[in-house]
Every structure is written in structure tokens, then in C-alpha cells.
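Shown next, in C-alpha cells, is the structure this report addresses.
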Amino acid sequence: MVTSKPHAALIASPGMGHLIPMVELGKRLLTHHSFHVTIFVVTTDSAITTSHILQQTSNLNIVLVPPIDVSHKLPPNPPLAARILLTMLDSIPFVHSSILSTKLPPPSALIVDMFGFAAFPMARDLGMLIYVYFATSAWFSAVTVYVPAMDKKMIESHAENHEPLVIPGCEAVWFDDTLEPFLSPIGEMYQGYLTAAKEIVTADGILMNTWQDLEPAATKAVREDGILGRFTKAEVYSVGPLVRTVEKKPEAAVLSWLDGQPAESVVYVSFGSGGTMSEVQMREVALGLELSQQRFVWVVRPPCEGDASGSFFEVSNGGDVALNYLPEGFVKRTEAVGVVVPMWAPQAEILGHPATGGFVTHCGWNSVLESVLNGVPMVAWPLYAEQKMNAFMLSEELGVAVRVAEEGGVVRREQVAELVRRVMVDEEGFGMRKKVKELKVSGEKALSKVGSSHHWLCQMSKDCEAHVQGSEAKVSS
Ligand code: UDP
């Protein structure tokens, strides 16, 4: 079939925080940039919530990769990244054969997140352009691309003496906010991160889910000051802020409850798709919310001792069990002012509701963007991955969040109450609300027809069309 309309094959790695931005990117490519789009969804077992997200994606060609279980290939309690990488690796044979048998024109572009580099050899064999989609900040993207070129001594003194990591043109990464791989430069996590980074820099293009006004220094460093120019040949496209768009408002009791609350009076508390807490910590959150005397919506999961990402692969399991871990009488005492939602809530709709006025968040990047695009100030409570860097950016650089003080132990109820009140009712909260609303306007502009997100996706589309035409010319000559 001869056509110059490009076909992009997107592979979403396991986890809702990876699936959601990939689906949103797919939707934009399909509806605004005339791509054919196929999304391969790699799953472990979070079937219920995954299908809920996918039900809302009309017109996309979604291919569910049969669930993959790699647990027998890993040691007990492996790092999250190791499990995702292995699952992605095992998905490639299925993806490959699906691509070969597609009824659409052969895909000319592969788009993967940073866990998808196992698909690069397949893409090269099939003559596809390779794009890595960092569904996160320019700052984190810059750190990752810079890793293979980082001075070994700097990494060692970061781990040993807690010196900052100096990243050209960007904020330094302070030890307190560092990424887990940098805690031990001889450890497996660091080696895995380095391997991924070395592959990522060989891609044809890098997409970042951010925009200039949110990250002026980092986007400039990545694009203009040549971090990527020097350390990778990839083109860089700032395609953000791509956030979940809701085609049809779901029926949910929590949304009806919000309808009855005053404007900006409710604090939403949620730790993403994977975040879990210890039982003691859950109790302190509950009592802290009560102490704050603010209206709230809180998404609760059964506690998980010592694993902050405990429900990453199992968001749909657990049902109402989480409610058993709340302090005695809590639900009854707070029923006039609060709603507890077990496991999973319609977050995009909650943050977009006029009654929502604050967000206690683990600072996953999707949550950050959803909050900003709805003009909601935050309490930053980072748990894992690059979330501490995100928390630094929100509280120190942008001034749209207050941050939980990291004392290594349990965050006590008094602190929870104080932070919630600072955002919801104190003078400081008004300032944060004003700033986050300015960012909201700038994010909406970036998404408009004259904005940077549209511009960079048009540019990517042109690059793909040129690639298709080049391939077609080769075939016909
Ligand atoms: N999410 C949701 N309901 C929940 C928890 C999470 O809809 O109860 C969505 C949230 O809106 C976001 C994504 O799941 O789009 C989580 O991504 P994020 O990057 O914030 O965190 P992660 O889950 O990857 O740690």
C-alpha cells in the first residue's frame, strides 16, 4: 500500500502512569496530526482499571498484549524498574508479529517510554524511526540523557558525600531529592539505568511531556544549550502538557458528592496508581485530615509495609479491604465533610471539579500536570522514582506546592493538618493558587493550535512523513 500518512506504533509499558500519557499522545497524533495509530498495551494483571481507561479511547487501534508474568525470572522483591524492563522485553515477539500482520500501512515510527528500548532492534529491522517519550519533566529527561556522559567522580561523591549532581543548564539534583540508582553507583539499579540511558540516546527523537513556561531552564538546556545536541543526535520535541482528557463523565458517587460542596473547598488526597503507605502512616493521614477541619476526598489502598510503590501492578485488587485499616470511627465521624474512595477514583474529573481546591499528591508527573492544568495547588508528598525532583520543582522553583518535611519516618497528623491548611485556607495558599492558575493558562495555550505542543507534534509528523516518503521512494526506484 502506498501512502504518505504515517502510522505510529506506540508501546505502553505496564502501570497506569505509563499507559495514560501514551494513550493521550496517541489520541493527539490521531485527531490533530492525521497519523494512523496503534497502541500496544503491555499488562501484568491490572486488567480492570486498564480496560476502564481504554474504554474511553474511541477510534484508537488498541492491541492488548497478553498479560506477561516474569516473576519466575526475578529475585524476590525486585526493583520496580527491573520488573517493567523484563516484561517489556518479553512482549516484543508478540508486538513484532502483530506489526508484521497489520492491515494498516506498516508503521513508520515506534514510540516507547524509557522502559521500551528492548523494541529498538525490531524497529531498526523494520526501518522505523524510533522515538522515546519521556512522560515526565525536561529536567528528568536531561538527567537521563546526560547519565552516560556524567563524570564518574561526581556520581561517586554524590553517593558518598552527598554532593549535588550538576546537570548542564539545569538545576542541580540535591542528594535529598536524588533518584534511587544514584544511591549506589556500583549497584544493579544504577547499571540498569545507565544501560537504558545509553540506548535512549541512540533514538531518532525524544518527546518530553512538558512545556517552556513550566520548565524554562530545563527545556532551554535540553533544546538550545545542547545537552541533547552534545550527548545524543535525537531531535527533541516538547509535546506537553498532555493530560487525560475525558470524553464522557463517568457516573461516580464521589463526583455527585463534590457537586454539593462549595467552590475550591475540598482537598483531594491520592498517591497515584502505585503509591501505598504503612498502616501507621495511613492512620496519621486520616487523623491529620480530621484535624485540618477541611473537606476531603481520599483514595485509600490497603497498607504495604516498606514498599511505597506497593500497588503499582495491582491497582484493581483489594476492593474495600483498605477501609478496614482506617482509625476506628473515622468514616462515621467525617461523613459530613469527607469521602473515602477505596483503590481508584476518577482523578482527572475530581481535579477538574470546581469544588476541588487542593491536592495532596505523591508528585507522579501525570498527577502534577493534571493538577496544574486544573489550577489546583498542591501538598507535595513524594514517594519513589523521580517524584522528589518533581516535588522540588513544585515547591522551590514554581511556588505552587508546600512540601512534606522528610524526616525519614512517619509524617505525623499535625504536619498533615498544617500542610493542608496552608494550601486550603492560609494566605500562602492564595499565592500558590494564583501562580498555579497562571501556569494553567500557559499550559492551555501550549495545547492550542498556536501553542508549542501542537507545533512540536506537527514537526514530528512532518519528520515521519518525510521518512515514509523516503522509504516509498526507495521501494519504487
Ligand atoms: N489515577 C486515577 N485514579 C486514581 C489514581 C491515579 O485516575 O485513583 C490516574 C491519575 O489521574 C494519573 C495516573 O493515574 O493520570 C497516575 O499517574 P502519575 O504519573 O501521577 O503517578 P504513578 O501512578 O505513575 O505513580
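The values are calculated or read from the model by the stated rules, or taken from the named source; none is laboratory data. No experiment lies behind these values; they were computed from the predicted model shown. Don't worry about glycine lacking a Cβ; one is built from the backbone with ideal geometry, like all the others, and counts go over all protein chains shown.
Some observations on this one:
- Test: residue in the stretch 144-159 that is part of a loop (DSSP other than H, G, I, E, B), surrounded by 24 or more Cβ atoms within 10 Å (Cβ to Cβ) and either within 16 Å of the ligand (Cβ to nearest atom) or not polar (S, T, N, Q) (or both): no
- Residues in the stretch 87-121 that are assigned to a helix (DSSP H, G or I), surrounded by fewer than 22 Cβ atoms within 10 Å (Cβ to Cβ) and touching a strand residue (DSSP E or B) at 6+ places or on another chain (Cβ under 8 Å): F94, S98, F120.
- Every listed requirement among (1) farther than 24 Å from M393 by Cβ; (2) in contact (Cβ under 8 Å) with a residue 40 or more places away in the chain is met by S256 save one, (2).
- Hey, V450 outside the structural domain of Q293 (by the TED database), in a loop (DSSP other than H, G, I, E, B) and within 30 Å of S108 (Cα to Cα) or not: yes
- Considering the stretch 331-367, and only residues there that are more than 22 Å from the chain's Cα centre (by Cα) and over 14 Å from W257 (Cα atoms), the residue that is nearest to the ligand (Cβ to nearest atom) turns out to be V331.
- Where V254 falls short, out of the listed (1) part of a loop (DSSP other than H, G, I, E, B); (2) touching a strand residue (DSSP E or B) at 6+ places or on another chain (Cβ under 9 Å); (3) of a type in the set (A, V, I, L, M, F, W, C): (1)
- Residues that are crowded, with 17+ Cβ neighbours inside 10 Å, among the hydrophobic types (A, V, I, L, M, F, W, C) and not in a helix (DSSP H, G or I) occur at least once in the stretch 68-86.
- Tally of residues being away from the ligand (no atom under 11 Å from the Cβ) and either closer than 22 Å to A81 by Cα or at pLDDT 90 or above (or both) across the stretch 5-19: 7
- In the stretch 178-201, of all residues being of a type outside the set (G, A, S) and in contact (Cβ under 8 Å) with a residue 60 or more places away in the chain, the one that is surrounded by the fewest Cβ atoms within 10 Å (Cβ to Cβ) corresponds to E188.
- Any hit, the stretch 167-177, residues being within 18 Å of the chain's Cα centre (by Cα) and crowded, with 16+ Cβ neighbours inside 10 Å: yes
- In the set E264, E251, E235, only one residue is free of Cβ contacts under 8 Å to residues at least 24 places away in the same chain and more than 14 Å from the ligand (Cβ to nearest atom); that residue is E251.
Residues checked against (1) among the hydrophobic types (A, V, I, L, M, F, W, C); (2) out of contact with any strand residue (DSSP E or B) (no Cβ under 7 Å at 6 or more places or on another chain); (3) closer than 16 Å to F271 by Cα; (4) not assigned by the TED database to the domain that holds Y193:
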residue	(1), (2), (3), (4)
N374	no, yes, no, yes
L398	yes, yes, no, yes
V402	yes, no, yes, yes
V411	yes, yes, yes, yes
A417	yes, yes, no, yes
E438	no, yes, no, yes
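- Filtering the stretch 46-84 to residues that are away from the ligand (no atom under 16 Å from the Cβ) and modelled with pLDDT of 90 or more leaves N61, I62, V63, L64, V65, P66.
- The lone exception for M389 - which of (1) farther than 17 Å from W174 by Cβ; (2) in a helix (DSSP H, G or I) it fails: (1)
- Restricting the stretch 375-392 to residues that are over 18 Å from E180 (Cα atoms) and within 14 Å of the ligand (Cβ to nearest atom), the residue that is surrounded by the fewest Cβ atoms within 10 Å (Cβ to Cβ): A380
- Check on E396, modelled with pLDDT of 95 or more, charged (D, E, K, R) and either within 23 Å of A253 (Cα to Cα) or within 13 Å of the ligand (Cβ to nearest atom) (or both): no
- Per the listing E328, E370, the residue uniquely in a loop (DSSP other than H, G, I, E, B), among the acidic types (D, E) and farther than 19 Å from G260 by Cα is E328.
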